[in-house]
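Q: I am attaching a structure below and will ask some questions about it afterwards.
The values are calculated or read from the model by the stated rules, or taken from the named source; none is laboratory data. If you're wondering where the values come from, they're calculated on a predicted model, not measured in any experiment. For neighbour counting, all protein chains shown are included, and Cβ atoms are generated from backbone atoms with ideal geometry for every residue, glycine included.
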Amino acid sequence: MPSTQPSSGKIPAILVFDFGSQYSQLIARRLRSLGVSVQLVPHTFPLDKVSGAKGIILSGGPNSVYEKGAATMSRKILKLGIPILGICYGMQLLAHLEGGKVQRSSKKEYGPATLELLQKSRLFEGLPRSFSVWMSHGDQVAQLPKGFVQTASSTNSSNAAIEDKKRKLYGIQFHPEVEHTQYGKEILQNFVFGVCKCKRLNEIDNLIEKKIEEIRNVVGKERVICATSGGVDSSVVAALVSKAIGNQLACIFVNSGTLRKGETREARKLLQDTLHLKVKYVNAETQFLRALKGVSYGETKRKIIGREFIRVFDTSARGIKPAPSFLAQGTIHSDVVESARTDTGKKTQTIKSHHNVGGLPKKLRLRLLEPLRDLFKDEVRQLGLALGLPESAVWRQPFPGPGLAIRVVGEVTKQKLDILREADAIVREEIENAGLSRDLYQYFAILLNDKTVGVRGDQRAYAYPVVVKAVVSSDIMTSDWARLPYDLLSHLSWRITSEVPQITRVLYDITPKPPGTTEWE
Ligand code: XMP
């Protein structure tokens, strides 16, 4: 399905105008495989959105240019100075709009034909004088427009290739995009690199283009919602989907009350100010805390948070009009493996219930859009950087969906969450200031349930112990405790006990995984 959506302000190098040929998508695909950014657009694509493109290809189509109601385009586009290649119907239309004559051919050509090159052309550079091409046409250009010359002929059409070299307007009667045309790839290459001077995309830009095309093909004109947390995976997926479908995407950010210090502000800055996404903020702190009241078992807390999240999301999504059909999720390959759901359908043991996989609100009847599902974390990070996410966002440590609720051991209360938030902020700040964040997979604090005795000044203090955890790992399937410098640990302990009055004791977790998991619950 052609999309009218230019990718978030950046015009692709080549626009393929679709005049209804069965091969239109194939043209785009061929160019993509050459490493060129390309977008298939309807033939009615507006003039003001074209400038910035390095070249335009006019596809074939089922009409005859002289028929009433035949698919056409603005003539002004031909005057913009952008190189144009018309293929089959595209060439006939080009000739017709430029004042040439197109008529029914007495001998139609379908299938193979031999092309004879008649004179030098940038389009055929490096090719032999004669080769086999694939034709599919009943009309032909009978009279060339002013300024055009004939550059090739074929068995049944004398004007098999024409051009106005000065204005960089080219027409070919055959289809270079089909595999039966010999040197089709070279002709397209000559046009995009030789004439249009396109730059070859690097691997990551190519991946972005591929993902964008997939998203557009799946979503069409429907609407998508995305639950964004400010974490790397959901931010990358939101940025990618937004680049593919623009305003058809709406994001929702849920504050569950179990986020870290400053998290809502940072997420807002990233999503709204840096990525320019449309985000609906929902403060559901009270709802989550009410649901968690009196619950101390970790797995139950996880289930409750997953359930409440879906409820909040459901209510907020219903307020979005027109109604979305897709839910975009930042599921990456390791999530699929960890959540005991593999693509081959095999089940592995569930250690903890991750609510970001398999937690789709069924009654919303949304279809899942998971464009990162086949990617690994390092690829997602590269994608993020290429999409404009800052380094700090791309290298953020993972944070679990249930948030601090599984780092407060036992019952979760607002007071305990606030205490943990302060201690955790100190741990993060000190480790980041020490320049160690990139060496660690995760580093955070856990608040224990039972108070212990301490002394402050000359007073007895009865307060919570906090655990500092910092782990090294490449994939977190296994991990080891980080050998943090003693001075840093000492400084952390001093700062936490001085700045957070409800904490009197700081412990450091020296358990590897296995047997200890990363999260304490
Ligand atoms: P464990 O505790 O199993 O955690 O060693 C492995 C990794 O997964 C993260 N984690 C979660 N992430 N939703 C998430 O998005 C969850 O429910 C969840 N539980 C654990 C954990 O932080 C670590 O990176």
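Q: Is it the case that the range 401-412 has a residue that's touching a His at 6+ places or on another chain (Cβ under 9 Å) and either in the same structural domain as Thr228 (by TED's automatic domain parsing) or not small (Gly, Ala, Ser) (or both)? Walk me through it before giving the result.
A: Looking only at the range 401-412, we keep the residues that are touching a His at 6+ places or on another chain (Cβ under 9 Å), and these are 401-402.
Now restrict to residues that are either in the same structural domain as Thr228 (by TED's automatic domain parsing) or not small (Gly, Ala, Ser) (or both): 402.
Among the residues of the range 401-412, at least one is touching a His at 6+ places or on another chain (Cβ under 9 Å) and either in the same structural domain as Thr228 (by TED's automatic domain parsing) or not small (Gly, Ala, Ser) (or both), which makes the answer yes.
Q: Separate question: For the range 473-508, what are the residues that are surrounded by 16 or more Cβ atoms within 10 Å (Cβ to Cβ) and within 16 Å of the ligand (Cβ to nearest atom)?
A: Of everything in the range 473-508, those that are surrounded by 16 or more Cβ atoms within 10 Å (Cβ to Cβ) and within 16 Å of the ligand (Cβ to nearest atom) turn out to be Ser473, Ile476, Ser479, Trp481, Ala482.
Q: For the range 93-115, enumerate the residues that are under 21 Å from Glu179 (Cα atoms) and surrounded by 15 or more Cβ atoms within 10 Å (Cβ to Cβ).
A: Across the range 93-115, the qualifying residues are Glu109, Pro112, Ala113, Leu115.
Q: Test Gly81 against the stated conditions and say whether it is outside any loop (DSSP other than H, G, I, E, B) and at positive phi. Lay out the reasoning, then the answer.
A: Numbers: outside any loop (DSSP other than H, G, I, E, B): no; at positive phi: yes.
Against the criterion (outside any loop (DSSP other than H, G, I, E, B) and at positive phi), Gly81 does not qualify.
Q: Any chance you could count how many residues in the range 144-167 are modelled with pLDDT of 95 or more, in contact with a strand residue (DSSP E or B) (Cβ under 6 Å, 6 or more places away or on another chain) and in a strand (DSSP E or B)?
A: Selection size over the range 144-167: 7.
Q: Can you say whether Lys469 is charged (D, E, K, R), in contact (Cβ under 8 Å) with a residue 40 or more places away in the chain, within 16 Å of the ligand (Cβ to nearest atom) and surrounded by 14 or more Cβ atoms within 10 Å (Cβ to Cβ), as far as the supplied structure shows? Don't jump to the end; show me each part of the working.
A: On the way: charged (D, E, K, R): yes; in contact (Cβ under 8 Å) with a residue 40 or more places away in the chain: yes; within 16 Å of the ligand (Cβ to nearest atom): yes; surrounded by 14 or more Cβ atoms within 10 Å (Cβ to Cβ): yes.
So Lys469 passes the test.
Q: Please verify whether the range 503-511 includes one or more residues that are part of a helix (DSSP H, G or I), more than 43 Å from the chain's Cα centre (by Cα) and not aromatic (Phe, Trp, Tyr).
A: First pass over the range 503-511, keeping only residues part of a helix (DSSP H, G or I): none.
Within the range 503-511 (the criterion being part of a helix (DSSP H, G or I), more than 43 Å from the chain's Cα centre (by Cα) and not aromatic (Phe, Trp, Tyr)), the answer is no, since none of the residues qualifies.
Q: Let me ask another. I'm trying to understand the selection: among the residues of the range 93-123, which are assigned to a helix (DSSP H, G or I) and without any contact (Cβ under 8 Å) to a residue 60 or more places away in the chain?
A: His96, Leu97
Q: Could you tell me whether any residue of the range 292-313 is under 20 Å from Asn247 (Cα atoms) and surrounded by 14 or more Cβ atoms within 10 Å (Cβ to Cβ)?
A: At the first step, the residues of the range 292-313 found to be under 20 Å from Asn247 (Cα atoms) are 313.
Those left that are additionally surrounded by 14 or more Cβ atoms within 10 Å (Cβ to Cβ): 313.
Yes.
Q: I'd like the residue in the range 219-239 that is out of contact with any strand residue (DSSP E or B) (no Cβ under 8 Å at 6 or more places or on another chain) and either of a type in the set (D, E, K, R) or surrounded by 23 or more Cβ atoms within 10 Å (Cβ to Cβ) (or both) and, out of all such residues, is farthest from Ala393 (Cα to Cα).
A: First pass over the range 219-239, keeping only residues out of contact with any strand residue (DSSP E or B) (no Cβ under 8 Å at 6 or more places or on another chain): 220-221, 231-233, 235-236, 239.
Now narrow it down to the ones that are either of a type in the set (D, E, K, R) or surrounded by 23 or more Cβ atoms within 10 Å (Cβ to Cβ) (or both): 221, 232-233, 235-236, 239.
Numbers: Lys221: 30, Val232: 6, Asp233: 10, Ser235: 9, Val236: 10, Ala239: 12 Å.
Looking at residues that are out of contact with any strand residue (DSSP E or B) (no Cβ under 8 Å at 6 or more places or on another chain) and either of a type in the set (D, E, K, R) or surrounded by 23 or more Cβ atoms within 10 Å (Cβ to Cβ) (or both), I get Lys221.
Q: Would you please list the contacts, defined by Cβ atoms under 8 Å and residues six or more apart or on different chains, that run from a residue in the range 284-301 that is over 13 Å from Val409 (Cα atoms) to a residue that is among the acidic types (Asp, Glu) and not in a helix (DSSP H, G or I)?
A: From the range 284-301, the pairs are Lys293/Glu411.
Q: Go through the range 303-326 and give me each residue that's away from the ligand (no atom under 16 Å from the Cβ) and touching a residue at least 60 places away in the same chain (Cβ under 8 Å).
A: Residues satisfying the conditions are Ser316, Ala317, Ile320, Pro322, Ala323, Pro324, Ser325, Phe326.
Q: To continue, here is another question. Across the range 404-436, what is the total count of residues that are among the hydrophobic types (A, V, I, L, M, F, W, C) and either at positive phi or within 16 Å of the ligand (Cβ to nearest atom) (or both)? Full working, then the answer.
A: Keep residues of the range 404-436 that are among the hydrophobic types (A, V, I, L, M, F, W, C), which gives 404-406, 408-409, 412, 417, 419-420, 423, 425-427, 431, 434, 436.
Subsequent filtering for residues that are either at positive phi or within 16 Å of the ligand (Cβ to nearest atom) (or both) retains 404-406, 408-409, 412, 420, 427, 431.
Selection size over the range 404-436: 9.
Yes/no per residue for (1) within 14 Å of the ligand (Cβ to nearest atom); (2) at positive phi:
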{"site": "Gly388", "(1), (2)": "no, yes"}
{"site": "Gln397", "(1), (2)": "yes, no"}
{"site": "Pro402", "(1), (2)": "yes, no"}
{"site": "Arg438", "(1), (2)": "no, no"}
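Q: I need a count of the residues in the range 14-67 that are assigned to a loop (DSSP other than H, G, I, E, B) and more than 20 Å from Glu209 (Cβ to Cβ). Please lay out each step first, then the result.
A: Filtering the range 14-67 for residues assigned to a loop (DSSP other than H, G, I, E, B) gives 19-23, 34-37, 43-46, 50, 52, 54, 59-67.
So of that shortlist, the ones also more than 20 Å from Glu209 (Cβ to Cβ) come out as 19-22, 43-44, 46, 60-67.
Result for the range 14-67: 15.
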